[in-house]
Amino acid sequence: MTATSASQRRILFVDHAGVLGGAELSLLDLATSFGERAEVLLLADGPFRTALAAKGVRVEVEPLGALGAVRKDAGLPSLGALVDAAAIAKKVARRARAHDVLYANSQKAFVVAAAAGLLAQRPVVWHLRDILAEPHFSRANIMAAAQLANVRAAGVIANSHATADAFVAAGGHRALVHVVHNGIDLTPFDALTPGTVVEVRRALGLPADAFVVAMFGRFHPWKGQPVLLEALAELPGVHALIVGAALFGETAFEAAQHERARELGMADRVHFLGFRDDIPALMRAANVIAHTSVLPEPFGRVVVEGMLAGRPVVATRAGGVPEIISEGDTGLLVPPADAPALAAAIRGLREHPAAAAAMAARGEARARAHFNVDVMCAQVGRALDAILNEVARV
């Protein structure tokens, strides 16, 4: 392969998911930015395919089979799952020969892309969006992922220094890693109008003068919805918007949060909104954005979105989040799973609105400068240049 720029390379993005999670939204922006040189291969069908097609991105689906059911916090894949993965890898390899590089957007996608790249004699880049550590992953899967990357990845693009450090701690080679923070499209936030708050609150049936805390994310124990509910119990009169759905089968956990709100006597001020596609408007309608993950977050997309919405953010001090927020300046950080600390931070913002507004303004300026989609796409392009030009020299 001769040295060339990322803008001239044909890229086959591979993702295992059909749903629209944070990793998929980031890939949507990347694939769009690379234009007609990009193609996306999904290993499951779903709303993500529709979103890609709507942006004019070429997208195809090859169902993953048994490997799709393997849990990352369980043991290594079964023989049947590996056989299915090998069969899919052959199909992916046929597609890969029309491209210059395979770009895996998840761990399962990387397993398939690693084999497909070998068959097609194409380099593989892994965009690592997870912290390779327990309890997110089983120890066996952590070691296997790091060693596979050492052997088969031309490079690893990590979405935070925390993610990169966990990869290296798991045995991954530091020389493979390029850190690129996620970026968010500013357009939906720029489209918000002064009347957004009134319109959204009226549509949701919220009192016009209510103090509202909002959290966003799929229902899962590690996302910390129970932490917000316990904090809200210490904040009489405060309303909460809980936005998100059980994307991967955590319906019992979601139902338990509805029941807990009733047990705490807060059903009238906790508003479960399910999956929504109007996140910027909902954020603008809140007074505070809460990020409550009880385990280290690889990056913290919601944190950046809250800052872009011009709202003060209270977030968990773990993982990649401290790389986004400067404590006390552009947001507030609290310990994981600490409902009293979260309540105290929210209370302080409510009692000092001028200071809260100033913090929000500083946060918005930082997010616009450092975490916008154009910055991310440019940095991914440079990382690909570095990775693939190194491949060309070998």
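The values are calculated or read from the model by the stated rules, or taken from the named source; none is laboratory data. Every value quoted in this text rests on a predicted model; they were computed, and no experiment measured them. All Cβ positions, even for glycine, are placed from backbone atoms using ideal geometry, and neighbour counts span all protein chains on display.
Could you check how many residues of region 327-336 are of a type in the set (G, A, S) and over 20 Å from the mean Cα position of the chain (by Cα)?
1
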Could you grab me the full set of residues in region 143-157 that are surrounded by fewer than 22 Cβ atoms within 10 Å (Cβ to Cβ) and part of a loop (DSSP other than H, G, I, E, B)? A154
Of (1) part of a helix (DSSP H, G or I); (2) over 15 Å from V227 (Cα atoms), G319 satisfies all except one. Which? (1)
Of the residues in region 342-394, those that are without any contact (Cβ under 8 Å) to a residue 60 or more places away in the chain and more than 25 Å from the chain's Cα centre (by Cα) number 10
Could you please find all residues in region 366-382 being assigned to a helix (DSSP H, G or I) and within 17 Å of G306 (Cα to Cα)? R366, A367, R368, A369, H370, V373
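Does A231 satisfy the criteria of being under 18 Å from L342 (Cα atoms) and either in the same structural domain as D130 (by TED's automatic domain parsing) or small (G, A, S) (or both)?
Values: under 18 Å from L342 (Cα atoms): yes; either in the same structural domain as D130 (by TED's automatic domain parsing) or small (G, A, S) (or both): yes.
Considered against the rule, which asks whether it is under 18 Å from L342 (Cα atoms) and either in the same structural domain as D130 (by TED's automatic domain parsing) or small (G, A, S) (or both), A231 comes out as yes.
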Which residue, of A267, A252, A240, is in contact with a strand residue (DSSP E or B) (Cβ under 9 Å, 6 or more places away or on another chain) and either among the aliphatic types (A, V, I, L, M) or closer than 19 Å to M307 by Cα (or both)? A240
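Go over the candidates A231, A175, A214 one by one and state the one that is surrounded by fewer than 22 Cβ atoms within 10 Å (Cβ to Cβ) and among the hydrophobic types (A, V, I, L, M, F, W, C).
On the way: A231 fails: surrounded by fewer than 22 Cβ atoms within 10 Å (Cβ to Cβ); A214 fails: surrounded by fewer than 22 Cβ atoms within 10 Å (Cβ to Cβ).
Residue meeting the stated conditions: A175.
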Conditions first: (1) in the same structural domain as L43 (by TED's automatic domain parsing); (2) part of a helix (DSSP H, G or I). G171 passes all but one, so which condition is the exception? (2)
Looking at (1) of a type in the set (D, E, K, R); (2) out of contact with any Phe, Trp or Tyr (no Cβ under 9 Å at 6 or more places or on another chain); (3) closer than 16 Å to M283 by Cα, find the lone condition where E305 falls short. (2)
Among M266, M283, which is the only one that is closer than 28 Å to G18 by Cα and not assigned by TED's automatic domain parsing to the domain that holds F167? M283
Residue list for region 189-222, filter: over 17 Å from H271 (Cβ atoms), modelled with pLDDT of 95 or more and not in a loop (DSSP other than H, G, I, E, B): F189, D190
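Does A54 fit the bill of being modelled with pLDDT of 90 or more, in the same structural domain as A104 (by TED's automatic domain parsing) and closer than 28 Å to F216 by Cα?
Details: modelled with pLDDT of 90 or more: yes; in the same structural domain as A104 (by TED's automatic domain parsing): yes; closer than 28 Å to F216 by Cα: yes.
Judged against the criteria, A54 is a match.
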If I filter region 250-266 for residues that are at pLDDT 95 or above, over 20 Å from G348 (Cα atoms) and assigned to a strand (DSSP E or B), do I get at least one hit? no
Could you list all residues from region 226-245 that are more than 20 Å from the chain's Cα centre (by Cα), of a type in the set (A, V, I, L, M, F, W, C) and assigned to a strand (DSSP E or B)? A240
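So that you can scan it fast, the table gives a plain yes or no per residue for (1) of a type in the set (D, E, K, R); (2) assigned to a helix (DSSP H, G or I):
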| residue | (1), (2) |
| --- | --- |
| P280 | no, yes |
| L295 | no, no |
| I325 | no, no |
| D329 | yes, no |
| A341 | no, yes |
| M359 | no, yes |
| E364 | yes, yes |
The correct count of residues that are surrounded by fewer than 24 Cβ atoms within 10 Å (Cβ to Cβ) and within 15 Å of the chain's Cα centre (by Cα) in region 278-292 is 1
Within region 113-151, restricting to residues that are touching a strand residue (DSSP E or B) at 6+ places or on another chain (Cβ under 6 Å) and not small (G, A, S), the one that is farthest from R301 (Cα to Cα) is R122
Restricted to region 120-142, and to residues that are over 16 Å from the mean Cα position of the chain (by Cα), crowded, with 16+ Cβ neighbours inside 10 Å and not β-branched (V, I, T), which residue is nearest to H99 (Cα to Cα)? R122
Hey, K108 at pLDDT below 95, touching a helix residue (DSSP H, G or I) at 6+ places or on another chain (Cβ under 9 Å), crowded, with 22+ Cβ neighbours inside 10 Å and among the basic types (K, R) or not: yes
